[in-house]
1. Could you tell me which of rounded, prolate or oblate describes the stretch B:272-347, using a ≥ b ≥ c as the square roots of the eigenvalues of the alpha-carbon gyration tensor, with rounded for a/c under 1.5 and, failing that, prolate when a/b is larger than b/c and oblate otherwise?
2. For B:Gln304 and B:Glu127, what is the calculated FRET efficiency with R₀ set at 60 Å and r taken between the beta-carbons, to the nearest 0.05?
3. Counting Lys and Arg as +1 and Asp and Glu as -1, what is the net charge of the other residues whose Cβ lies under 11 Å from the Cβ of B:Phe233?
4. Just the number please: accessible area per residue for chain A, 1.4 Å probe, all protein chains included, in Å².
5. Enter the mean number of other protein chain beta carbons within 10 Å of the beta carbon of each residue in A:83-96, as an integer.
6. Just counting partner chain Cβ atoms within 10 Å, what average do the residues of peptide B:49-57 show around their Cβ?
7. Per 10 Å bin from zero, what fraction in whole % of the C-alpha pairs of the protein assembly as shown is there, up to the bin with the longest pair?
8. Which shape class applies to the stretch A:3-250: rounded if a/c is under 1.5, otherwise prolate when a/b exceeds b/c and oblate if not, where a ≥ b ≥ c are the square roots of the Cα gyration tensor eigenvalues?
2 protein chains.
Amino acid sequence: MALIVQKYGGSSVADAESIKRVAKRIVDTRRAGHDVVVAVSAMGDTTDELLDLAHQVAPIPAPRELDMLLTSGERISMALLAMAIHSMGFEARSFTGSQAGVITDATHGAARIVDVTPVRLREALDEGAIVIVAGFQGFNRDTRDITTLGRGGSDTTAVALAAALEADVCEIYSDVDGIFTADPRVVPKARKLDAVSAEEMLEMAANGAKVLYIRAVEYARRHGVLIHARSTFSSGEGTWVLGPGQTLPNGQGEDMEEPIVAGVATDLGQAKITVIGVPDVPGKAAEIFKIVARSGANVDMIVQNVSAAATGRTDISFTLPKGDAAAALRALDADRDDVGFESLIHDDQIGKLSVVGAGMRTHSGVSATLFEALSVSGINIEMISTSEIRISVVVRGDDLAEAARVVHTAYGLDGDIEAVVHAGTGR
Amino acid sequence: MALIVQKYGGSSVADAESIKRVAKRIVDTRRAGHDVVVAVSAMGDTTDELLDLAHQVAPIPAPRELDMLLTSGERISMALLAMAIHSMGFEARSFTGSQAGVITDATHGAARIVDVTPVRLREALDEGAIVIVAGFQGFNRDTRDITTLGRGGSDTTAVALAAALEADVCEIYSDVDGIFTADPRVVPKARKLDAVSAEEMLEMAANGAKVLYIRAVEYARRHGVLIHARSTFSSGEGTWVLGPGQTLPNGQGEDMEEPIVAGVATDLGQAKITVIGVPDVPGKAAEIFKIVARSGANVDMIVQNVSAAATGRTDISFTLPKGDAAAALRALDADRDDVGFESLIHDDQIGKLSVVGAGMRTHSGVSATLFEALSVSGINIEMISTSEIRISVVVRGDDLAEAARVVHTAYGLDGDIEAVVHAGTGR
């Protein structure tokens, strides 16, 4: 008998029928003899509808009240899920983030978990109940106020509960079958991975893979939680995310050699800003990126051209999320004279391709394969950046899908059959 | 500077526009220099929609989970209301029933308030904030679970907060202007009362008047809370509900002689059951009403016919809420042989008219006026019951409106102009 934490996203509990389907899956797990703790998101579009209402009554809703409002979403889904399980003859109890002991800092809208004290959850489990917890929400001890965890909050709730309860596994359900070697909508020959290392998963999530939130994977790695990313719509195995020293539960694969490349991630959500004619003197780059940081933008890749000796000026390009570009451009433009650059170019037609694999550490020539594959296909590389286990390149957005396919093939990742693509995306 | 508790029902906060209108009224009260605590119901039909969802996932929803679900309704309205006030430049903080210190027993769906410890509300008031509290909900200390107060819960929350905070007044807002001498939709010449005694209000509420819930009035009388029933749609005075020793805030009216009759209440929500051929031996009535009570029915009026000497049998009639009739009939029918009665008659075409007035205690002839007015109009009286300050009669349902009009006139209650009737009913 194991203790299993399961997380179901908003699309898995979008209506009464979906809730009953999820309830059945939970009951099946209980019937198999396991203790079950479930973290659940708000139903379907509830959060967006509540946000819309908030903006109708207040242009800039007070953060404390916005959290109070949004947390009603999970309260609804968790109570309905507990009722549905109850009516199948199983004891189920729902708990808010606060009741579940999810303690956070006081940052409304993006609170960080600082402690988990699941006293009531343990009591309920000891009494044989299935436990349902509202995802995405917590409680600050100093202000005694309700908080929300921000993006990826429900995944993080699930992982944090799994850590605090020392669960055997944390199952993250979505509408895809697991983690793929590439986005199956982009690369039809993408294969589902049986397992991926947490560090690879982090790089893939940070570079465009959408199944798991980086924050949850990070929390899991730090606390030794074993994640199993699975589909709500099938009973098949998904993908295990293995932290240091963790192996597949069936013992298989632990002796397998790590593949050099685990997957190819694609990201169309970035824009590129080029600062033209920056005086080539020390401290100018620091000046520029201080301005960008103050605008709230999250800079990803940076490239500085070799200075043209004749002019004593250089160009600096960087990428950032499309949504951050406007604020960064405004901030830079306002300080143009202080910095002394000539002009700004904004390009939101780029695509980023990343090749991720822990095997890169011990294998040379990995980048050569990437560059050659792109070159043969006539795809131009605009920027390059690397980490220990990742190589990323920026190409034209229109070329990104083709680039992903040829690179996927070049690294021998192609499966025999085309992957089945479900509608929608997990959240 | 006074401390004012205000209660707004679901129809007062049905959409974003209504919420902004209520926010403005609250801000106006604050601007006038008063401390304000607001109890608010769920928006419009939210509670019904949540109940509908609950029944879609579970035929008989678990009571604990149903309370968890329904309390999300007030969580939404209170957060939106606090945001709306906040965006008008006033500090506002929302609190759940639990956060507000509304402690109840553990009866899910119909919990009773056992204590109110508004520590956080006092702190917020001391810091100059407007306080918004979720109506209808509380918290049980033993189970640590969320509870709901059942029908009239938000009114009761408001009165309980007013008592615990020693507020100067508890304003109950609805879409009618106050308490009328009769339902203006039935009696067009009904007049708004400036004041009514709590005991009269209790009799009127118990006999069909819908503006205030009996439970809230009872709580107010027991704890010396002054209620002011007002309209969300006008700034005019409503009706003050005066407990023992309380007078109108402007000092007016305290020397006025009590009117003999304060108002005429009408109720079409009752049904009549007649038990035919009951053996006329001691204990039979007790037997019958034990059976009815076990079925969960709330018996109102009871009439036992004079026994027919020849048969040694008698008939017993009683009234009860229409919704309770089916269960009572089933229960009686199941025990027919034990009790020894012959048959049952169910009549749901009745109407109850009640005349209420504290002056009845000291004036004779009050009932004669009632009976004569009905007799002149040819309206037949089927049952009669009285209390110290009330006379009720059952007539045909079709006759009820006409009966109310002639009785209203007979007691000199008619106003000079016809009352304005708003759409909908308060809740």
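The values are calculated or read from the model by the stated rules, or taken from the named source; none is laboratory data. This is a predicted model, so every value here is computed, not measured. FYI the Cβ positions are ideal-geometry reconstructions off the backbone, even for glycines, and counts take in every protein chain you see. With ligands, DNA and RNA removed, areas are computed over all heavy atoms of the protein, side chains included. Shrake-Rupley method; radii C 1.70, N 1.55, O 1.52, S 1.80 Å.
1. Taking the square roots of the gyration eigenvalues as a ≥ b ≥ c, the stretch B:272-347 is prolate.
2. Taking R0 as 60 Å, the efficiency between B:Gln304 and B:Glu127 is 0.45.
3. Combined, the nearby Lys, Arg, Asp and Glu give +1.
4. Per-residue accessible area for chain A comes out at 41 Å².
5. Neighbouring Cβ atoms belonging to other protein chains average 5 per residue here.
6. 5
7. 2, 11, 17, 18, 16, 13, 9, 6, 5, 2, 1, 0, 0
8. rounded
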